[in-house]
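Taken together, the values in this text are just the output of simple stated rules run on the coordinates, not laboratory data. Model, not experiment: these values are computed from the prediction. Please note: Cβ atoms are built from the backbone with ideal geometry, for glycine as well, and neighbour counts cover all protein chains shown.
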Ligand code: G4P
């Protein structure tokens, strides 16, 4: 779902999260493991500063495992606990309770010392649209309960989902806005489907993707589309268009007159990338992160 985020929406979304934070012990910040930095809300540190936070690298099944390990190290170096998951298939999800417990160890110990029986840890999922919030909530609930309702300002009755005996999750996630001021982050978000194509030109997104893939996953790209003599990098847009043209030709994306249908070729490439048919790929590395 595409949301037009206006300043009023952002203020309301921030306020709603702040209200929810009063109810919980720990924040699960959901990121897309393929673009961990670009899928982060620019104000998340400030918005969630009152609670301990666990960074969840979701869609790890689609991401490059080595890069996910790099990103985990990076977040840990920033003082943030991190855990990779696949909310769709459920891998890594059952460890969430113990990960949350680790973060709250001191608080829990204090309760025990006072002779109190620790109550279940209460958690809130926050993240930008399409990062997998509803999927994770549904997975933890064991049924479809989360309404994707990715719209700032939509309020409804909130309920707790009990996960095992130790974790309770608020059934409505905190919805954050993505980065807007960084054009490269915009391309990454569009490449993974977090921003719909009508916001950015499809062929430009495809060319951006090709540049990243040629540099990092050239052999998977060559293999998938039967491309020969792929260079090790694409110096400019023209070079990327040539690769897109080759893919179009190989895949029969041709319009009358025998010309390549670039839009069709771009759609095919992005569909293959998003579904994992090109292999597990990460589109940004921690070294590229300087903020
Ligand atoms: P949101 O609430 O944060 O907006 O995200 P949502 O759960 O709706 O998930 C967005 C898409 O991402 C869904 O695909 C969902 O199946 C997929 N997804 C979520 N978690 C994972 C994961 O760990 N691995 C993989 N491979 N996919 C995941 P969709 O229904 O096809 O939507 P769309 O991609 O067509 O928008």
Segment residue 271-residue 10, length gained on full extension (0.36 nm per residue, minus Cα span):
91.0 nm
For the chain, take the longest principal axis of its alpha carbons; what is the angle in degrees between that and the long axis of helix 183-192, to the nearest 10 within 0 to 90?
90 degrees
Mind checking the angle between helix 7-21 and the chain's longest principal axis? C-alpha axes, 0 to 90 degrees, to the nearest 10.
40 degrees
Which of 178, 120, 36 moves the most in a Gaussian network model of the chain with Cα springs under 10 Å?
120
Counting other beta carbons within 10 Å of each residue's own, what order do 196, 22 fall into, fewest first?
22, 196
Cα gyration tensor shape of the range 1-48, rounded if a/c is under 1.5, else prolate or oblate by comparing a/b with b/c:
oblate
Per-selection metrics, the range 23-138 (Cα): Rg and Dmax in Å:
14.4, 46
If you average 1/r over every pair of different alpha-carbon atoms in the chain and take one over that average, what Kirkwood value in Å do you get?
20.3 Å
How big is the gap, in Å, between the Cα center of the range 6-46 and the Cα center of the range 60-129?
16 Å
Theoretical gain in end-to-end length, residue 19 to residue 144 [0.36 nm per residue, Cα-Cα removed]
42.5 nm
So for the chain: antiparallel DSSP bridges make up what percent, rounded to the nearest 5?
25 percent
